[in-house]
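Quick note: the coordinates plus some simple rules give every number you see, no bench work behind them. Owing to the predicted nature of the structure, the values given are computational and were not obtained by experimental measurement. Every residue, glycine among them, receives a Cβ derived from its backbone with ideal geometry; neighbour counts consider all protein chains shown.
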Amino acid sequence: MDIKKIEKDFKSKISDKINITSEGKDRFRISTPFVFNDGDHFVVVLKKRNENWIITDEANTFMHLSYDINVNDLEKGEREKVINSTLSMFNINEREGELNITIENDDYGDSLYSFVQGLMKISDIDYLSRERAKSVFFEDFKVFMLGKVPQERLTFNYYDEEHDKNKTYKVDCKINGMPKPLFVFAINSDEKCRESTIVEMTFEKWNVKHKSLAIFEDQEIINRRAVAMLTDVFERQFSSLYANKEKISKFLEDTIIK
Amino acid sequence: MGFRYDDDKIENLLKEKKLIQEFSFKDMRSKKGHMRKEITIVKGDGSCFQIKIRQNTINPLDFSIILGYISKDSNGVFRLMRCNGRAHEHSNKIEKETFFGFHVHKATKRYQEKGFKEDTYAIECTDYADLTSAWSYFCKTANIGVQSEQAPDKNQMTFFNEEE
């Protein structure tokens, strides 16, 4: 086995930044530039198993995912689908958490290419968790509001028909039935925080009589300046929907009966 | 981009005394190619620390011991510190440096502000050479002690989380 030739094949097929380091008999660590979102590089090892050469992650990828995700969740739902389709697409085998690809016809470069692509796709499951978490917050917000306020008094994604025919300035939830309706905004990002501030200021500019409430998913992760600007404009805010459900309920109860 | 905790707060959380019940690495459970253990320390104010231990069953030098913090107002884990083994390279994206060896990840304000994961910064560490010595280093750095059964800390409760 000519390891220098294999290294050259890796460099030409993938990147000049690929290096091979011997780590014992019939075992080589492959350094690649591909990383997880925390700066740790993928584990990629070329080694002999029985009579075949394989490229393997030695179970590091799933172990790394387990830092943020319950490993049992990798075996169900959307995550399981992504993993299974990725393994199939890139001809990767899984053996008790270890991902590996068998080298056939001395095709080292192409095998490494497929393997790394598969690892990148599987490691993206971490982002899938976060994207789903974002949409869950809005769902939770909606469910919470429906549980506290009679449905006939709620309008989600409200906009002012008189001033805003283009539906540009939307309020997440309007509660009517009071002399001044309550505009409620659900905030889970810097962008949403700034956008909500602009929407609220626009309604003020239009002299639309109302009260304003901001409910954060987690105010601690929002840019301080954005929060400061929102604070100057909004009448009331809660730093976390999940930690303040009782207080928000009380506030809504007191406000909507007036 | 915003940041959740600045460097002073991170350091204070690391230095805060944490008490856990004694346990053995032999009790770790195995799934998907690695052994694991999780410990939650609930504080009197409702926030908690979370310790996650992982060790690869194929390569014992591939391990990770993580200290996370969950504030009472949040539902996300903030990774304060992570002791990694010697199985992969690490790259610090801001400093543009790459190395291979035992290394310790630490949360920083600057990485949060750049939009990276809070513990993306790491430094090489020669203070440990396996999981056991890494655990000693971790406990010393994160001020973790074993709770005496006779004098439990009223302000903390420890739980071992078993994933099924």
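Assorted remarks:
- Peptide B:55-67 has a mean shielding of 4, counted as Cβ atoms of other protein chains within 10 Å of each residue's Cβ.
- Lys, Arg +1 and Asp, Glu -1 on Cβ, resulting dipole of the protein assembly as shown about Cα centre, debye, nearest 20: 680
- Calculated mean residue ellipticity at 222 nm for chain B: -4000 deg cm²/dmol, from DSSP H runs with n ≥ 4 weighted as -39500 (n - 2.57), summed, divided by the residue count and rounded to 500.
- Using the average count of surrounding beta-carbon atoms within 10 Å as a protection proxy, the listed peptides B:62-71, A:18-27 rank, highest first, as B:62-71, A:18-27.
- Cβ-to-Cβ counts within 10 Å put A:206, B:135 in ascending order as A:206, B:135, the fewest first.
- Within 10 Å of each Cβ in A:218-225, the average number of Cβ atoms from other chains: 5
- Average other protein chain Cβ within 10 Å of Cβ, residues B:117-124: 3
- Anisotropy class of segment A:1-141 from Cα gyration tensor, a/c 1.5 cut: prolate
- For chain A, the square roots a ≥ b ≥ c of the C-alpha gyration tensor eigenvalues yield an a/c of 1.5 or more together with a/b exceeding b/c, which makes the shape prolate.
- Label-to-label distance for residue A:163 and residue B:123 is 5.4 nm, based on points extended 7 Å past Cα in the beta-carbon direction.
- Reachable lysines, given that their alpha-carbon falls under 25 Å from the alpha-carbon of residue B:26 and they are not under 8 places away in the same chain: B:18, B:37, B:52, B:140
- Within the protein assembly as shown, antiparallel bridges make up roughly 85 percent of the DSSP beta bridges whose residues both belong there.
- Zero-based 10 Å bins, Cα pair distances in segment A:137-258, whole percents: 13, 49, 34, 4
- Take the Cβ atoms of residue A:96 and residue A:8, set R0 to 25 Å, and the FRET efficiency comes out at 0.15.
- Estimated distance in nm for a label pair at residue A:232 and residue A:152, the labels positioned 7 Å out from Cα along Cα-to-Cβ: 4.2
- Remark on segment B:1-88: hydrodynamic radius 14.5 angstrom, per the Kirkwood mean of 1/r across alpha carbon pairs.
- Leading residue at positive end of dipole, chain A (Cβ point charges), from A:37, A:111, A:61: A:37
- Taking a ≥ b ≥ c as the square roots of the eigenvalues of the alpha-carbon gyration tensor, segment A:170-212 is classed oblate because a/c is 1.5 or more while a/b is no larger than b/c.
- Segment B:40-87 versus segment A:42-82: alpha-carbon centroid distance in Å: 20
- Note on chain B: the C-alpha convex hull projects to 10.2 nm² when averaged across all orientations.
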